[in-house]
Amino acid sequence: MRILAGIRGFWRALLQSARTVGKAISLPRSSCVYAAILTSLTIPKVFAGDSIPLSDLQQKFVNELAAKSRAAESERAAVIAGVDGWFFLASDIRFLSVGQFWGADATKVSRAHKPESADPIPAIVDFHEQLKKRGIDLLLMPVPPKASIYPEKILPDVDLHSETAAPYLARFYDELRKHEIDVVDLAPVFVQNRASEHGPVFCKTDSHWSGLGCVLAAQTIKEKIREKLAGQPRKDYAAEWKEITIKGDLGDLAGANAKKLEPEKIAVRTISDKGTGAAINPDPKSPLLIIGDSHTLVFHDFLAEKSGLLDQLSYETGFAPDLIGTRGSGATSVRVSLYRRARKDPDYLAKKKVIVWCFAAREFTESDQGWDKVPVGQ
């Protein structure tokens, strides 16, 4: 038995010592001491031997996701079908099922090609410290897995009763905050708005957030940086909600033999210059820079126009940010792109005050590039 909490004094020391030397303790069931110990023990269940306690429902959720992940891997399936027309990336489901993924556990679960690049914490801390020396604040904003916001759409038989569906991710953010990393956890605001008049916060047939999810992310960023960039000149932008039809990427990823997915209708908020109606372009001179994976490009560069994170942040803050986005990994490659930009223009980083780093949370384990330390500039 693994004892996690609730033992005091002599019995705590005795049981811990017994565990250390690999011996079991046996007390007669008639013993009053035995009964007292059982009464005082609280033994939360854990997954894969990790030290984070899970409730019975969380444990069931993790176990069933792990089973789905193994089944998808055995079939080499990149997409897992849910219910009510929802589809999920198999890599998202795997990420939610692997347990603790940082520190000594990183190499056990990471897809990184190099073991030394498996743990995301050293690279994130190094990036933060490099920026801090240049007077730039880092805002880390991972996009939560779709199944952590809509768990009933992947496992309708598991009702978490408002418990977090991603307990390891929440604990990981706590670890980052110990290193003074400013982490934006979008899960609370996404859960609060998961049944909005503008639809869900994720697309059903696509791997990205929805138009609403993008707007909520921008509004959350605005609240975090309001004071830091308060003196920036503002422009007037116009906003309009409209319905569009998209062909979600999960249909193509499902393979040629999978059932063809129907086009999906979603709501997006289009942003344009109030005077001319023109689209907003990234501003290389802006004090605010967005870097990251395709979540920084969707609805701005593909699936739609004028409705991406750059557009929404322009509307919320009153000025256009700069943007370095990639259709690939948002873990290491995008920081390499930033380094190249800074090498090309030695004064580039001197203009920046805040960098928002946005990418899918699954990157913490699913990026085959892993998490290398990359110089910010020369």
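What net charge is computed for the residues neighbouring residue 204, neighbours being all others with C-beta under 11 Å from the C-beta of residue 204, Lys and Arg scored +1, Asp and Glu -1? Mind dumping the intermediate values first?
Values: positive: 146, 153, 265; negative: 84, 206, 262, 264.
Local net charge: -1.
Percent of accessible area on the chain owned by carbon and sulfur, 1.4 Å probe? Intermediate results must be reported in sequence, preceding the final value.
Working: 9000 of 18240 Å².
Roughly 49 percent, rounded to a whole number.
Suppose the Debye formula is applied to equal point scatterers at every Cα of the chain; what is log10 I(q)/I(0) at q = 0.13 Å⁻¹?
For the chain at q = 0.13 Å⁻¹, log10 I(q)/I(0) is -1.08.
Considering only protein heavy atoms, what per residue accessible area in square angstrom results for region 260-378 with a 1.4 angstrom probe?
Details: 4620 Å² over 119 residues.
It amounts to 39 Å² per residue over region 260-378.
Tell me, how many Å apart are the Cα centres for region 86-156 and for region 239-284?
Between the Cα centre of region 86-156 and that of region 239-284, the gap is 25 Å.
Dipole of region 153-241, Cα-centred, from +1 at each Lys and Arg C-beta and -1 at each Asp and Glu C-beta, to the nearest 20 debye?
Details: 12 positive and 14 negative charges, 66 e Å.
With only Lys, Arg, Asp and Glu charged at Cβ, the dipole is about 320 debye.
Magnitude of the Cβ-charge dipole of region 310-356, K/R +1 and D/E -1, about the Cα centre, nearest 20 debye? Don't jump to the answer; show the numbers that get you there.
Numbers: 9 positive and 5 negative charges, 67 e Å.
Roughly 320 debye for region 310-356.
Around residue 199, which amide H atoms from residues at least 5 apart in sequence, or from another chain, sit under 5 Å from its own amide H, with H modelled in the peptide plane?
For residue 199, no residues qualify.
Taking only protein heavy atoms into account and a 1.4 Å probe, give the accessible area per residue of region 60-138 in Å².
Details: 3660 Å² over 79 residues.
Using a 1.4 Å probe on heavy atoms only, each residue of region 60-138 averages 46 Å².
For the chain, what does -39500 (n - 2.57) per DSSP helix run (n ≥ 4), summed and divided by total residues, give at 222 nm, in deg cm²/dmol to the nearest 500?
Details: 14 runs with 134 residues, N = 378.
Calculated mean residue ellipticity at 222 nm is -10000 deg cm²/dmol.
From the mean inverse distance of alpha carbon pairs (Kirkwood) and the Cα radius of gyration, derive Rg over Rh for region 275-378.
Details: Rg = 14.0 Å, Rh = 14.3 Å.
My calculation puts Rg/Rh at 0.98.
Specify the angular offset, from 0 to 90 degrees and rounded to the nearest 10, of the alpha carbon long axis of helix 9-21 from the longest principal axis of the alpha carbons in the chain.
Here the helix axis deviates by roughly 80 degrees.
Per residue, what accessible area does region 156-210 have, given a 1.4 Å probe and all protein chains present, in Å²?
Working: 2590 Å² over 55 residues.
Using a 1.4 Å probe on heavy atoms only, each residue of region 156-210 averages 47 Å².
Amide H neighbours of residue 143 under 5 Å, counting only residues 5+ apart in sequence or on other chains, H built in-plane at 1.01 Å?
359, 360, 361
Using θ = phi - 60° and the Karplus curve 6.51 cos²θ - 1.76 cosθ + 1.60, what whole-Hz ³J(HN,Hα) does each residue of region 209-215 get, with Gly and Pro shown as x?
Using θ = phi - 60°, the values come out as 5, 8, x, 5, x, 5, 5 Hz.
Go through 346, 297, 275 and say which Cα lies farthest out towards the positive end of the charge dipole of region 239-378; charges sit on Cβ, +1 for Lys and Arg, -1 for Asp and Glu.
Toward the positive end, the furthest listed residue is 346.
Restricting to Cα pairs below 8 Å that are 6+ residues apart, what does the relative contact order work out to for the chain? Please round to a whole percent.
Numbers: 685 pairs, mean separation 70.6, N = 378.
Relative contact order comes out at 19 percent.
Starting from the Cα of residue 238, step 7 Å along the direction of its Cβ; do the same at residue 350; then give the gap between the two resulting points in nm.
It works out to 3.9 nm between the two label points.
When the Kirkwood hydrodynamic radius is evaluated over all pairs of different C-alpha atoms of region 121-211, what value in angstrom, to one decimal, is obtained?
Details: mean 1/r = 0.0671 Å⁻¹.
It works out to 14.9 Å.
To the nearest 20 debye, what charge dipole does the chain have about its Cα centre, counting +1 at the Cβ of each Lys and Arg and -1 at the Cβ of each Asp and Glu? Mind dumping the intermediate values first?
Values: 51 positive and 47 negative charges, 198 e Å.
Here the size comes out at about 960 debye.
The values are calculated or read from the model by the stated rules, or taken from the named source; none is laboratory data. Small disclaimer: the values here were computed from a predicted structure and weren't measured. Reconstructed Cβ throughout: ideal geometry from the backbone, glycine too, with neighbour counts over all protein chains shown. Note: areas computed on protein heavy atoms with side chains; ligands, DNA, RNA excluded. Shrake-Rupley method; radii C 1.70, N 1.55, O 1.52, S 1.80 Å.
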